[in-house]
Structure formats: C-alpha cells, structure tokens
Amino acid sequence: MTVPAYKLRCGGATTQSSPKENQFMMPNNGKKTDDKASKVKAHIDPSQIKPDTKVMCAKDGQLGVVDHMQGASTVKLKKDDKGVHHFIPLGWVTRVDDTIHVDRPGDQAMREWSTEAPKA
C-alpha cells in the first residue's frame, strides 16, 4: 500500500533559515523555562504503537502511517508515494490516542527520519 507524502500539510518545504526563524522547532519557542513538567518525557510503551495508525507531526499535519514496530524502539512507517519506508525513533512519540503524535514539526522530522532500518 502506498501512502501519499504529507510534506505540505506537515511543515512545508525544507529550507535553511536562521535560528530565530526556527524557534517554533524548539520547546517553548526557544524561551528558557523552569517548569519541570516541560522537561519530563512521556514514556510510550511500544505495544501502544499499532499498524495502520496515523502519525501526526507537532503542527497537527499527517507525517505518515505506521507499518509496524521495528524492534522495541523504532516505528516503521508505510511506504510513501515514492515507494520508500521511513523509520522514526519511538523517543519522538509524545502521546498515543487514535493517532500517534510526535514532538517535532514535519519538516524537521523529514530531515531527521531514516530510510534504513536501524542495525540490531
């Protein structure tokens, strides 16, 4: 099954910009905080990741669809419209409900995801 690319809905084209322009990629828009809750990372159990679940970026655009878990710490996404699987670390996942939410905007995720399965 081929899944269309969601680049435009999930962050747009990748371009280089100044750190000030990229503040949206940083927690709290680049501002320092003493809020301990903002520093605590949610623990996501790999069993919560189910095949055919939509993966949403931090801007609420669809990044892809889960193919399956690859080991205990990597989410394999279904092939995109170019026939390529992508892999994202489970550590990016902030919460799971009827969709999987990741901690970064789509353009950043697409720069950082892998097209190769991690080595065991």
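For the range 64-91, residues that are under 16 Å from K50 (Cβ atoms) and surrounded by 15 or more Cβ atoms within 10 Å (Cβ to Cβ) total 13.
Of all the residues in the range 86-120, those that are out of contact with any Ser or Thr (no Cβ under 6 Å at 6 or more places or on another chain), among the hydrophobic types (A, V, I, L, M, F, W, C), farther than 14 Å from Q62 by Cα and part of a helix (DSSP H, G or I) number 1. You will find that of G11, G83, the residue that is modelled with pLDDT of 95 or more and in a loop (DSSP other than H, G, I, E, B) is G83 and no other. If you filter the range 92-120 down to residues that are of a type in the set (G, A, S) and under 9 Å from the mean Cα position of the chain (by Cα), you find that the one that is surrounded by the fewest Cβ atoms within 10 Å (Cβ to Cβ) is A109.
The values are calculated or read from the model by the stated rules, or taken from the named source; none is laboratory data. Bear in mind that the values here come from a model prediction, so they are computed numbers and not experimental data. Reconstructed Cβ throughout: ideal geometry from the backbone, glycine too, with neighbour counts over all protein chains shown.
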